[in-house]
Amino acid sequence: QVQLVESGGDSVQAGGSLRLSCAASGSTYCRSDMRWYRQAPGKEREFVSEIIRDGTTKYADSVKGRFTISQNNAKNTVYLQMNNLKPEDTAMYYCYRIVSGSFLPGCSKGKDYWGQGTQVTVSS
């Protein structure tokens, strides 16, 4: 089992920056992909960014050029650097981990985990 804990959420003014962290613990030896999602009240949860173990990244069009996802495998941590924040970025941000390989005992491809979320509020 894997536990994900997000941190770094805060209230900032438009144009400001935040750096979110997602620390993974438990059975972190399984090859996995990491994603960030966000959800505002009354809205669907939406994809924000993804990073594959080889370093390949993807971003939602709404955050391209402003957000950067990165990882430190030695620390079992994924980051989301958010620059030039806009009020539309206000949401609960969730870390997500999905096992992408079953090369080792205890690793099942498709097994996934969610963090509890960290709140980001951007004021005008």
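The values are calculated or read from the model by the stated rules, or taken from the named source; none is laboratory data. Bear in mind the structure is a predicted one, so any value in this text is a computation, not a measurement. Using ideal geometry, Cβ is built from the backbone for each residue, glycine included, and neighbour counts are taken over all protein chains shown. Only protein heavy atoms, including side chains, enter the accessible area calculation; ligands, DNA and RNA are left aside. Shrake-Rupley method; radii C 1.70, N 1.55, O 1.52, S 1.80 Å.
Before moving on, here are some points about what is shown:
- Derived scalar couplings ³J(HN,Hα) [region 43-60; Karplus, 6.51 cos²θ - 1.76 cosθ + 1.60; whole Hz; x for Gly, Pro]: 10, 6, 5, 10, 5, 10, 7, 9, 9, 8, 4, 7, x, 5, 10, 9, 9, 5
- Cα-projected label distance for residue 53 with residue 102, points at 7 Å along beta-carbon direction, nm: 1.5 nm
- Under 5 Å from the amide H of residue 90 lie the amide H atoms of 122, each residue being 5 or more positions distant or on a separate chain, with H modelled from the backbone and absent for Pro and chain starts.
- DSSP-loop chymotrypsin sites (Phe, Trp or Tyr not before Pro) across region 1-58, with at most 13 other Cβ within 10 angstrom: 29
- Within region 57-114, the chymotrypsin sites (Phe, Trp or Tyr not before Pro) that combine a DSSP coil assignment with at most 10 other C-beta atoms in a 10 angstrom radius are 103.
- Here the chain has 47 percent of its accessible surface on carbon and sulfur atoms, given a 1.4 Å probe and all protein chains in place.
- Summed over the residues of the chain and divided among them, the accessible surface reaches 53 Å² per residue at a probe radius of 1.4 Å.
- Each residue of region 107-124 was assigned a 3J(HN,Hα) from its phi angle through the Karplus curve 6.51 cos²θ - 1.76 cosθ + 1.60 (θ = phi - 60°); the sequence is 9, 10, 4, x, 5, 10, 9, 10, x, 7, x, 9, 7, 10, 10, 10, 9, 6 Hz, with glycine and proline shown as x.
- Excluding exposed DSSP-loop trypsin sites (Lys or Arg not before Pro) (at most 11 other C-beta within 10 Å), longest clean stretch of the chain: 65-124
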